[in-house]
Amino acid sequence: MIRFSANLSMLFLEVPELERPAAARRAGFDAVEVQFPYGHEAGQWRDALQAAGVDLALCNVPAGDLMSGGQGLAGVPGRQAAFREAVAQAAQVAQVLRPRHINVLAGCPGPEHERERCLDTLAGNLAHAAQVLGDLGIGVVTEAVNTVDRPRYLIDTTRAALEVIDRAGHPNLRIQYDLYHMQIMEGDLIRSLRTHCARIGHIQFADTPGRHEPGTGEIHFANVFAALDELPYDGFVGAEYVPSGRTEDTLGWMQGRRR
């Protein structure tokens, strides 16, 4: 059966951040994700996770100015030193929180940067992160992001993600496959999941349009989840959506799927 994780950067915003692991557990999740768990001491997060009885499935390497509309770090030439500092910060936190995977966001390089150089930069940075975090027993993933919501994002298709992972050439690299982003960019989700299952380390979802919970858009989640049940996928499937109401009122998609 699918193991779901709740993204606490988007769900359960009704309560303070360190209370969200407990809220997720009460709702039936046994794992959570935190996009950037760097605003609190790692020990505070550890205590909150342990008290709630949930695992940390995923977090991100710090992404510089990306989330405030900037270019980010990983795929931007000239920012390699800043990226290595970000990886060091992620590694320090990971030693305490022990996430299963850490995600590297490629970023949105500006038009002044030639694409091939950006891809080379990203590949080198991915290899570095994969080595540093792999030494701690933590997997590294990178995701394709749709360019409707985030123009200029460097990696915007499954193929592009696989190609840069191959270019990096490190065995501790896999895809984070986001159903929301890939429905916008590619569609054909079930065939893609079946084709690339062995190279997927983590999955996230939201419906589209709107990025809300399943049942608010065009993705047939019953079929997608049934297909995942049949695949030899052993990772988590993360609910990373914007609730259309109170989080607890948007969890109907979990009926019959709580472990």
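For the range 224-242, a residue qualifies if it is of a type in the set (D, E, K, R), touching a helix residue (DSSP H, G or I) at 6+ places or on another chain (Cβ under 9 Å) and closer than 11 Å to Ile2 by Cα, and exactly one does: Glu230. Before we move on, is Phe205 out of contact with any Leu (no Cβ under 7 Å at 6 or more places or on another chain), aromatic (Phe, Trp, Tyr), modelled with pLDDT of 95 or more and on the phi < 0 side of the Ramachandran plot? Considered against the rule, which asks whether it is out of contact with any Leu (no Cβ under 7 Å at 6 or more places or on another chain), aromatic (Phe, Trp, Tyr), modelled with pLDDT of 95 or more and on the phi < 0 side of the Ramachandran plot, Phe205 comes out as no.
Considering only the range 211-242, how many residues are of a type in the set (S, T, N, Q) and either surrounded by fewer than 17 Cβ atoms within 10 Å (Cβ to Cβ) or part of a strand (DSSP E or B) (or both)? The qualifying residues number 1. I'd like to know if the range 127-146 contains one or more residues that are among the charged types (D, E, K, R), at pLDDT 95 or above and farther than 19 Å from Asn60 by Cα. Scanning the range 127-146, I find no residue that is among the charged types (D, E, K, R), at pLDDT 95 or above and farther than 19 Å from Asn60 by Cα, so the answer is no.
From the list Phe12, Phe36, the lone residue that is aromatic (Phe, Trp, Tyr) and on the phi > 0 side of the Ramachandran plot is Phe12.
Scanning the range 33-86 for residues that are farther than 30 Å from His113 by Cα, in a helix (DSSP H, G or I), touching a Leu at 6+ places or on another chain (Cβ under 9 Å) and not aliphatic (A, V, I, L, M) returns Gln44, Trp45, Arg46, Asp47.
Identify, from the list Gly235, Gly187, the residue that is among the small types (Gly, Ala, Ser), within 19 Å of Arg257 (Cβ to Cβ) and either out of contact with any strand residue (DSSP E or B) (no Cβ under 6 Å at 6 or more places or on another chain) or touching a residue at least 12 places away in the same chain (Cβ under 8 Å) (or both). Step by step, each of Gly235, Gly187 is checked, and only Gly235 is among the small types (Gly, Ala, Ser), within 19 Å of Arg257 (Cβ to Cβ) and either out of contact with any strand residue (DSSP E or B) (no Cβ under 6 Å at 6 or more places or on another chain) or touching a residue at least 12 places away in the same chain (Cβ under 8 Å) (or both).
Taking the range 1-45, which residues are in contact with a strand residue (DSSP E or B) (Cβ under 9 Å, 6 or more places away or on another chain), farther than 16 Å from Phe205 by Cα and among the basic types (Lys, Arg)? Arg20, Arg25, listed by residue number. Applying the condition of being touching a helix residue (DSSP H, G or I) at 6+ places or on another chain (Cβ under 6 Å) and β-branched (Val, Ile, Thr) to the range 186-223 and asking which residue is farthest from Val237 (Cα to Cα) yields Thr208. Scanning the range 243-254 for residues that are within 13 Å of Met1 (Cβ to Cβ) and in a loop (DSSP other than H, G, I, E, B) yields no hits at all.
Listed conditions (1) touching a helix residue (DSSP H, G or I) at 6+ places or on another chain (Cβ under 9 Å); (2) within 26 Å of Ala88 (Cβ to Cβ) are all met by Gly134, apart from (1).
Residue-wise test of (1) of a type outside the set (A, V, I, L, M, F, W, C); (2) closer than 24 Å to Val104 by Cα; (3) in contact with a Cys (Cβ under 9 Å, 6 or more places away or on another chain); (4) free of Cβ contacts under 8 Å to residues at least 60 places away in the same chain.
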position	(1), (2), (3), (4)
Ile2	no, yes, no, no
Ser5	yes, yes, no, no
Met10	no, yes, no, no
Leu18	no, yes, no, yes
Ala22	no, no, no, yes
Arg25	yes, no, no, yes
Gln35	yes, yes, yes, yes
Arg46	yes, yes, no, yes
Asp55	yes, yes, no, yes
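The values are calculated or read from the model by the stated rules, or taken from the named source; none is laboratory data. Just so we're clear, the structure is a prediction, and the values are computed from it rather than from any experiment. Cβ coordinates were reconstructed from backbone atoms using ideal geometry, including for glycine residues, and neighbour counts include every protein chain displayed.
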